Each structure stands twice: as structure tokens, then as C-alpha cells.
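Before any comments, here is the structure.
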Amino acid sequence: MSAYMFEHDTDQPVLELNRQQSELLLRNTRHGRLAFLAEGQVEIFPVNYAFDGKKLYFRTAPGAKLLAAEARSMVAFETDGILPDEGWSVVVRGQITTVPEDQMDYVRGLGVAPWIPTYKDFFVSLSIEEITGRHFIFARQPERDGTKPFTYDPNQSRSTPPEDPDTTKLSR
């Protein structure tokens with residue numbers, strides 16, 4: 001049994017998550033970043049959210065996020081987590097829209113609320129058209145010395161640094 005959140009194969013410090021694993025992480029996290037193109041430049045905003053198993057929901061005030069929702073824009077959303085020996089990232093791509101009036105009670109019931117004392121009177125939702133996730137086991141980067149093949153053991157939580165690294169052969 002691995003001590004990590006997800007099982008990795010030997011020599012695989014990066015694990016591509018399936019949809020079920022990615023959704024598990026979305027369900028158990030409440031913050032992320034929303035990115036989209038607005039007026040010719042990429043914008044990115046920290047947001048807190050709720051996930052009901054189908055869509056992500058945010059609250060917002062008038063501004064770029066609300067304009068993007070009213071325009072039914074395609075956006076990217078990313079959430080992640082970092083622990084001492086492992087980390088993960090989930091990315092969602094989809095369309096952001098305003099929540100219709102007849103769904104407001106349902107969305108309020110999900111508990112999405114501003115973390116800071118500001119007025120965020122508008123609810124928006126993000127459809128999940130694509131979801132990807134990766135899980136990482138942290139360790140020191142291997143050196144390319146040409147004498148040993150790359151190996152990585154997920155049951156060894158820390159790798160040991162080389163005693164006398166050749167700085168002319170470090171990865172760039």
C-alpha cells in the first residue's frame with residue numbers, strides 16, 4: 001500500500017489522473033483559478049467554488065468574470081494541492097454562463113459564498129467539457145550522467161542528492 005494519495009507505477013513520478021480521480025479532487029477542494037481571454041489579453045482570477053458532480057459554481061461581482069459568463073465564454077479553471085511529498089493539479093475547460101433565476105436556490109444550497117466580505121451578488125456556472133488531472137510524487141531531479149538509466153521508486157519518498165554533481169551536465 002502506497003503512502004501517497006494515488007498509486008504510481010515504478011519509474012512514473014507523474015500520474016495522469018482519470019476523470020473519477022480528477023472529480024474526487026474537485027469535490028474536496030474549494031479554491032482555484034479561472035482563466036479566459038478578455039479584451040485581447042488573458043485574465044486569471046482566484047475563485048472559490050462549489051462542485052455538484054456536474055458543474056462548478058462561483059459567485060462574482062460586476063466585472064470581467066460576469067461579462068465572460070454573460071458572453072458564454074470558453075474558459076479554463078485550475079485547482080491544485082501541495083503536500084510535503086506529493087502534489088496534484090486538475091484543469092477543467094468549458095463554458096461559463098450565468099445561473100438562471102430558477103436555479104438560484106439550488107446553487108445557494110451548495111454553499112458557495114465569498115471568502116472575503118465583499119458583495120458578490122451574481123452566480124455563474126462552468127460546464128465541464130474537458131477535465132484533466134495529474135498527480136506528482138516529489139523527489140530530486142535525476143542527473144543525466146549517462147552511466148545509469150533513469151529509475152524512480154514511488155515507495156522511496158525522498159531521493160538523495162548526488163554527493164558531487166557535475167554542474168556541466170545539469171539538465172536545462
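Some observations on this one:
- Selected residue (criterion: farthest from residue 80 (Cα to Cα)) from residues of region 24-54 that are in contact (Cβ under 8 Å) with a residue 12 or more places away in the chain and among the small types (Gly, Ala, Ser): 38
- Residue in region 61-74 that is closer than 24 Å to residue 109 by Cα, surrounded by fewer than 17 Cβ atoms within 10 Å (Cβ to Cβ), of a type in the set (D, E, K, R) and out of contact with any helix residue (DSSP H, G or I) (no Cβ under 6 Å at 6 or more places or on another chain) present: yes
- Scanning region 41-57 for residues that are assigned to a loop (DSSP other than H, G, I, E, B) and buried (at least 16 other Cβ atoms within 10 Å of the Cβ) returns a single hit, 49.
- Residue within region 12-20 that is within 19 Å of residue 81 (Cα to Cα), in a strand (DSSP E or B), out of contact with any His (no Cβ under 8 Å at 6 or more places or on another chain) and among the hydrophobic types (A, V, I, L, M, F, W, C) present: no
- Residue within region 75-83 that is farther than 20 Å from residue 132 by Cβ, surrounded by 13 or more Cβ atoms within 10 Å (Cβ to Cβ) and not hydrophobic (A, V, I, L, M, F, W, C) present: no
Coordinate-derived values only; no laboratory data. Nothing here was measured: the structure is a model prediction, and the numbers come from that model. Reconstructed Cβ throughout: ideal geometry from the backbone, glycine too, with neighbour counts over all protein chains shown.
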